[in-house]
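Have a look at the structure below, then the notes.
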Amino acid sequence: MAFRSLVASVADVSTKVPVIPRSSFVRMSFSTGSSTADDMVVTKDEVVRFISDCLRKAGTTEDDAFTVGHHLMVADYRGHFSHGMNRMQMYVKDIESRLTDPAGKPTILTDFQAIALVDGNNALGQVVGKHCMELAMDKAQKFGVGLVSARGSNHFGICGYYSLMAMEKGLIGFSCTNTSPLMVPTRAKKAGLGTNPLSLGMSSGDDEFVLDMATTAVALGKIELAMRKEQPIPIGWALDSEGNVTSNPEDAYAANLMMPLGGTEEHSGYKGYGLSLMVEVLCGILSGSEFGPNVRTWKSGDRVANLGHCFMAINPEAFTSGSKERLSRLLGQLRNLPRAGEKEILVAGDPERKAMAKVDQDGGITYHVNQIKNSEEFARRMGVEPMKLRPKNNI
Ligand SMILES: NC(=O)c1ccc[n+]([C@@H]2O[C@H](COP(=O)([O-])OP(=O)(O)OC[C@H]3O[C@@H](n4cnc5c(N)ncnc54)[C@H](O)[C@@H]3O)[C@@H](O)[C@H]2O)c1
């Protein structure tokens, strides 16, 4: 099943991308011949190759380029286009401005039984994140639980990637991160906390629950994507610079004022605000990184990010047996509740599984035409081979 193939990819994270003969690719641009962007896909390996090449050019090691490339590909594979290739140029820009150290390596500051504190040393966030989750997993195998807090880090991508790493070892995985201040707390009109996402995931073997969400109504990347696609955003996502709710993605992006999960106070937005603050306690407050409104503003590029993250791995078998069976039963019970309408009932992680199944069926990831154009321009700027597209399966 789709999840299995992702697990395999995550497990292979330290290995190299399989070498695919260059002649086997069909070199077609999105705009050539009768093909349109909708007919064309990019294989997962090619996505990793392209992102890795760009990062290598920017000065990272091959292994770190692969770690980030694989992570961003998984985000796109899972349908989180806001946090896949869409983020790569921001990482390159931070490296070029010397705000992220492409050669940075995380170091362990405190290592005591089930806990550790890691200094990311301003390395790429995914490099820090992978190191910390591996440490948390080792501790969970020894102590039943492992909790690792990190500071001195950068944007680490999708939280769910780290949960999946733990799930692949039969553990419950949790991760969260603070981010640049973008979210307006209930009753305020200025941003005080980030989009502060969190993820918790558990696998029952043949089924899974993977909650992976920003604690704002949506991740900022969704507003960027709406801008790219020139589409309005739903009411309740963000405010404009006057503090009014807006459906214009450009106004929202310029204002950087995201609403907490829930939206207005009447719609219990204070609960999203509380969750965001909870993430900040586990990230900035616990690790000693920047926190809340003190984190650099989004894309300001005026100083290093010094973000904080938190990772936890739990071995359910250390508590009592049968947890997988109980999870499997619960997920089935939830999906089989009477429906309010036509649409099937999902559990968190199902939309991502559907996205992955579609990619597998198509033989690659379908990118929006503007993303393809943008990556072609970026390839020219970086002097790397552009991403190769191939026709979708069965077209
Ligand atoms: N690193 C960062 O700074 C940062 C910041 C914000 C978000 N992110 C990442 O961005 C990604 C997108 O976040 P988001 O909040 O926009 O996600 P989202 O709103 O698309 O999904 C949130 C969660 O809801 C679940 N879900 C969706 N529809 C459902 C349904 N009908 N029934 C049950 N569950 C359902 C999904 O499986 C997912 O677990 C995440 O991977 C997150 O980690 C990263």
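The values are calculated or read from the model by the stated rules, or taken from the named source; none is laboratory data. What you are looking at is a predicted structure, and each value in this text was computed from that prediction instead of being measured. Heads up, the Cβs are rebuilt from the backbone with ideal geometry, glycines too, and the neighbour counts pull from every protein chain shown.
Structure values in brief
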| quantity | calculated |
| --- | --- |
| Residue in the stretch 200-213 that is assigned to a helix (DSSP H, G or I) and under 15 Å from the mean Cα position of the chain (by Cα) present | no |
| Within the stretch 213-235, tally of residues that are touching a Ser or Thr at 6+ places or on another chain (Cβ under 8 Å), modelled with pLDDT under 90 and under 18 Å from A191 (Cβ atoms) | 5 |
| Of the criteria (1) within 16 Å of the ligand (Cβ to nearest atom); (2) in contact with a strand residue (DSSP E or B) (Cβ under 6 Å, 6 or more places away or on another chain); (3) within 30 Å of S300 (Cβ to Cβ), which one V118 fails | (1) |
| Cross-chain or 6+ apart pairs with Cβ under 8 Å, the stretch 177-201 first and within 14 Å of N154 (Cα to Cα) and assigned by TED's automatic domain parsing to the domain that holds M278, then away from the ligand (no atom under 14 Å from the Cβ) and modelled with pLDDT under 95 | S180/S300 |
| Residue count, the stretch 311-335 (criterion: within 19 Å of M137 (Cα to Cα) and in a helix (DSSP H, G or I)) | 5 |
| Boolean, G308 is within 12 Å of the ligand (Cβ to nearest atom) and outside any helix (DSSP H, G or I) | yes |
| For L198: the one exception among (1) surrounded by 24 or more Cβ atoms within 10 Å (Cβ to Cβ); (2) within 13 Å of the ligand (Cβ to nearest atom) | (1) |
| Flag for D111 being over 20 Å from N306 (Cα atoms) and at pLDDT 95 or above | yes |
| Total residues in the stretch 75-92, condition within 19 Å of T60 (Cβ to Cβ) and either near the ligand (Cβ under 10 Å from one of its atoms) or in contact with a Pro (Cβ under 8 Å, 6 or more places away or on another chain) (or both) | 4 |
| Answer from L277, L334 - the residue that is more than 19 Å from the chain's Cα centre (by Cα) and free of Cβ contacts under 8 Å to residues at least 60 places away in the same chain | L334 |
| Within the stretch 316-331, tally of residues that are over 29 Å from the mean Cα position of the chain (by Cα) and without any contact (Cβ under 8 Å) to a residue 40 or more places away in the chain | 3 |
| Criterion: more than 10 Å from the ligand (Cβ to nearest atom), touching a residue at least 60 places away in the same chain (Cβ under 8 Å) and either surrounded by fewer than 21 Cβ atoms within 10 Å (Cβ to Cβ) or of a type in the set (S, T, Y) (or both) - qualifying residue of L286, L257, L282 | L286 |
| Members of the stretch 123-156 found to be surrounded by fewer than 23 Cβ atoms within 10 Å (Cβ to Cβ) and at positive phi, listed by number | G144 |
| Qualifying residue in the stretch 117-125 (condition: closer than 30 Å to A254 by Cβ and part of a strand (DSSP E or B)) | no |
| Residue in the stretch 204-234 that is surrounded by the most Cβ atoms within 10 Å (Cβ to Cβ), counting only those that are farther than 13 Å from P249 by Cβ and more than 15 Å from the ligand (Cβ to nearest atom) | S204 |
| Per-region count, the stretch 159-198, residues under 22 Å from Q333 (Cα atoms) and assigned to a strand (DSSP E or B) | 1 |
| Every pair of residues 6+ apart whose Cβ atoms lie under 7 Å, when the first sits in the stretch 210-236 and is on the phi > 0 side of the Ramachandran plot while the second is modelled with pLDDT of 90 or more and within 12 Å of the ligand (Cβ to nearest atom) | G236/A217 |
